[in-house]
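Novice: Encoded as structure tokens, here's the structure I'll be asking about.
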Amino acid sequence: MASTVDSNIFSSVPALQSNLGILSPDQIELAKILLENGQSHLFQQWPQLGVDDKQKLDFFDQIARLNSSYPGGLAAYIKTAKELLADSKLGKNPYDGFSPSVPSGENLTFGNENFIEMENRGVVEARNAAFVLVAGGLGERLGYNGIKVALPRETTTGICFLQHYIESILALQEASNKIASDGSQRDIPFIIMTSDDTHSRTLELLESNSYFGMKPTQVHLLKQEKVACLDDNDARLALDPHNKYSIQTKPHGHGDVHSLLYSSGLLHKWLDAGLKWVLFFQDTNGLLFNAIPASLGVSATKQYHVNSLAVPRKAKEAIGGITKLTHVDGRSMVINVEYNQLDPLLRASGFPDGDVNCETGFSPFPGNINQLILDLGPYKDELQKTGGAIKEFVNPKYKDSTKTAFKSSTRLECMMQDYPKTLPPTARVGFTVMDIWLAYAPVKNNPEDAAKVPKGNPYHSATSGEMAIYRANSLILQKAGVKVEEPVKQVLNGQEVEVWSRITWKPKWGMIFSDIKKKVSGNCEVSQRSTMAIKGRNVFIEDLSLDGALIVDSIDDAEVKLGGLIKNNGWTMESVDYKDTSVPEEIRIRGFRFNKVEQLEKYFTQPGKFSVED
Ligand code: UTP
């Protein structure tokens with residue numbers, strides 16, 4: 001054991017040397033790595049052999065985890081940290097030598113011929129895709145006590161984000177399998193990246209709801225580990241102030257998803273099974289699946305290796321811009337550049353006005369919404385080279401301008417969307433722009449912070465997230481020919497929002513616009529005070545005039561026609577103060593709840609043809 005080890009390295013750290021006898025050969029190797037990388041301070045307070053031995057072994061268990069969960073191990077982590085901390089101290093600009101230009105991509109307009117064509121192509125491709133949800137984030141800004149994916153996406157049905165995502169994937173799977181050229185049936189894999197903060201509650205949510213109808217074998221949870229915190233510019237690992245046998249750790253960011261997918265072996269499995277695409281998405285964007293089929297169609301048509309979903313972005317708006325960067329040495333990449341870096345970068349590169357709107361009224365650099373579609377083959381090849389490591393950054397908060405000490409420990413972080421940074425110039429990296437109302441309404445901010453958002457900027461709150469769903473569904477139905485009354489403005493939890501008719505439907509009712517159009521005919525109208533929840537598949541809206549609340553659920557073999565005048569007292573919206581703790585948190589963070597005064601509620605549990613009229 002200890003005698004077989006190079007004793008020189010340990011002799012300078014007597015506190016460790018005297019404890020070598022309790023360590024396994026693997027642990028001694030880890031100790032060597034630590035010492036060789038300037039971490040002897042970790043052992044300074046270790047007592048002699050025989051005291052706290054169990055805690056010392058626990059310490060090495062943690063070191064082993066930190067070492068194995070990082071590509072290249074702790075030595076690589078510390079080396080990168082030293083380099084990035086040195087750059088940060090020097091105030092080095094990561095974009096030095098790069099000049100920005102507008103990358104090429106696809107702009108889609110909801111409902112036109114091209115959009116419909118892309119959606120149809122996307123449905124063909126859906127069975128060749130795997131879906132990856134990154135859901136390891138703490139959600140500190142939202143401050144919700146549960147996990148974010150368990151929050152209702154909207155409160156008309158109360159269906160949570162995770163259920164909606166699963167039902168959307170299943171609806172796509174079914175539609176795609178139905179038109180498979182070889183007639184084969186495939187289950188779309190669904191991966192959820194969790195963390196210690198979200199893992200057990202995510203698993204429990206799935207298990208207690210029978211995986212919301214998905215086969216449990218289709219779902220894989222990959223848990224990301226935290227990374228070690230750093231105390232100073234020498235990248236000395238930070239000990240927990242309350243436990244000298246424990247390293248402080250913090251989340252490493254959603255970029256971990258790439259190394260986890262690589263090390264899970266799933267990519268090879270998927271390639272062998274004939275899959276072609278990997279789609280990455282985030283925990284609380286209730287509109288995302290409105291954008292998935294068409295953007296998958298764009299990926300397939302344009303043969304994009306990387307396709308970033310984007311929305312029109314006003315110049316200087318606080319959302320990262322998708323940008324092509326070309327280096328003086330010839331390298332180039334298409335990546336997300338944070339808005340506070342884009343404007344100075346443009347000014348420094350011969351654009352004296354910086355980021356300005358073009359003739360479309362928007363910045364030519366579209367807004368990144370962090371949903372990616374990758375071509376599986378090139379993705380696997382690239383990860384084979386990098387091990388899934390993503391370019392990291394460090395953001396220390398310095399005590400003073402000497403930049404020698406930190407206010408609190410820092411750590412390296414990485415972002416999912418930085419994946420293209422290491423790609424060769426031959427990689428086909430593009431984007432798909434869609435209207436914000438259709439594609440993007442994340443729930444990230446608590447009511448108090450949302451109410452402080454400067455006018456004109458998005459709230460990204462539970463209130464705005466829910467209202468965005470009603471607006472999108474209303475606009476989609478309008479486009480399909482339904483007269484949906486215009487919205488009213490209302491202030492909820494201090495945020496002024498547009499309140500449209502509360503229209504919701506299950507994904508299996510309509511995943512793409514051409515399906516929705518087929519289900520709407522004649523002269524239909526829905527008043528602003530109305531609520532309509534369609535939970536069945538074969539529900540047709542024909543000459544319907546709705547002024548009240550209507551809930552319809554039906555089995556697949558029941559064909560239901562909704563028509564005629566349906567009028568009742570409906571559901572009213574009552575304001576709720578987010579500080580009122582007598583109201584459940586899921587509700588009060590929205591600033592309203594429904595008073596279900598009167599509704600027409602119909603269930604069809606037998607096959608056949610039916611019609612609903614008041
Ligand atoms: P957010 O930017 O919303 O961060 O993450 P967050 O950590 O969830 O929330 P704040 O910043 O504390 O308020 C974007 C997406 O990335 C996931 C989140 O779950 C969300 O889907 N994420 C974030 C991870 O999976 N892991 C991480 O380490 C961080």
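Listed here are the residues, each with its yes/no results for (1) without any contact (Cβ under 8 Å) to a residue 12 or more places away in the chain; (2) surrounded by 17 or more Cβ atoms within 10 Å (Cβ to Cβ); (3) closer than 29 Å to Phe190 by Cα; (4) within 16 Å of the ligand (Cβ to nearest atom).
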| residue | (1), (2), (3), (4) |
| --- | --- |
| Phe281 | no, yes, yes, yes |
| Ser295 | no, yes, yes, no |
| Lys302 | no, no, yes, no |
| Arg313 | no, yes, no, no |
| Glu317 | no, yes, no, no |
| Gly320 | no, yes, yes, yes |
| Leu325 | no, yes, no, no |
| Pro344 | yes, no, no, no |
| Val356 | no, no, no, no |
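Novice: Of the conditions (1) surrounded by fewer than 20 Cβ atoms within 10 Å (Cβ to Cβ); (2) over 25 Å from Tyr95 (Cα atoms); (3) not β-branched (Val, Ile, Thr), Lys421 satisfies every one except a single condition; which number is it?
Specialist: All conditions are met except number (2).
Novice: Going through the range 449-485 one residue at a time, which ones are of a type in the set (A, V, I, L, M, F, W, C), within 22 Å of the chain's Cα centre (by Cα) and not in a helix (DSSP H, G or I)?
Specialist: Val453
Novice: Could you list all residues from the range 121-136 that are more than 16 Å from the ligand (Cβ to nearest atom) and either surrounded by fewer than 19 Cβ atoms within 10 Å (Cβ to Cβ) or outside any helix (DSSP H, G or I) (or both)?
Specialist: Arg121, Val124, Arg127, Asn128, Ala129, Ala130
Novice: Provide a single number: the residues in the range 424-437 that are surrounded by fewer than 24 Cβ atoms within 10 Å (Cβ to Cβ), among the hydroxyl-bearing types (Ser, Thr, Tyr) and not in a loop (DSSP other than H, G, I, E, B).
Specialist: 0
Novice: Return the residues of the range 516-536 that are part of a loop (DSSP other than H, G, I, E, B) and under 25 Å from Phe594 (Cα atoms); say none if nothing qualifies.
Specialist: Ser527, Gln528, Arg529, Ser530, Lys535, Gly536
Novice: Could you grab me the full set of residues in the range 192-201 that are near the ligand (Cβ under 10 Å from one of its atoms) and modelled with pLDDT of 95 or more?
Specialist: Within the range 192-201, Ile192, Met193, Thr194, Ser195, Thr198 qualify.
Novice: Looking at (1) crowded, with 18+ Cβ neighbours inside 10 Å; (2) over 30 Å from Thr217 (Cβ atoms); (3) out of contact with any strand residue (DSSP E or B) (no Cβ under 8 Å at 6 or more places or on another chain), find the lone condition where Gln163 falls short.
Specialist: (2)
Novice: Filter the range 411-426 for residues that are within 15 Å of the ligand (Cβ to nearest atom) and not charged (D, E, K, R); which is farthest from the chain's Cα centre (by Cα)?
Specialist: Selected residue: Leu412.
Novice: Of the residues Gly146, Gly158, which is at pLDDT 95 or above, more than 14 Å from the chain's Cα centre (by Cα) and on the phi > 0 side of the Ramachandran plot?
Specialist: From the options Gly146, Gly158, the qualifying one is Gly158.
Novice: Still on this structure, please answer the following. Does Glu204 fit the bill of being within 21 Å of the chain's Cα centre (by Cα), free of Cβ contacts under 8 Å to residues at least 12 places away in the same chain and away from the ligand (no atom under 15 Å from the Cβ)?
Specialist: In short, yes.
Novice: Now a separate question. May I ask you to say which residue of Ile188, Ile179, Ile192 is touching a residue at least 12 places away in the same chain (Cβ under 8 Å) and under 18 Å from the mean Cα position of the chain (by Cα)?
Specialist: Ile192
Novice: Quick check on my filter: what residues within the range 47-66 are part of a helix (DSSP H, G or I) and over 39 Å from the mean Cα position of the chain (by Cα)?
Specialist: Scanning the range 47-66 gives Asp53, Lys54.
Novice: Would the range 438-448 turn up any residue that is in a loop (DSSP other than H, G, I, E, B), within 16 Å of the ligand (Cβ to nearest atom) and surrounded by fewer than 22 Cβ atoms within 10 Å (Cβ to Cβ)?
Specialist: yes
Novice: Just to be sure I understand, how many residues within the range 211-225 are of a type outside the set (Asp, Glu) and touching a residue at least 60 places away in the same chain (Cβ under 8 Å)?
Specialist: Total meeting the criteria: 2.
The values are calculated or read from the model by the stated rules, or taken from the named source; none is laboratory data. Bear in mind that the values here come from a model prediction, so they are computed numbers and not experimental data. Every residue, glycine among them, receives a Cβ derived from its backbone with ideal geometry; neighbour counts consider all protein chains shown.
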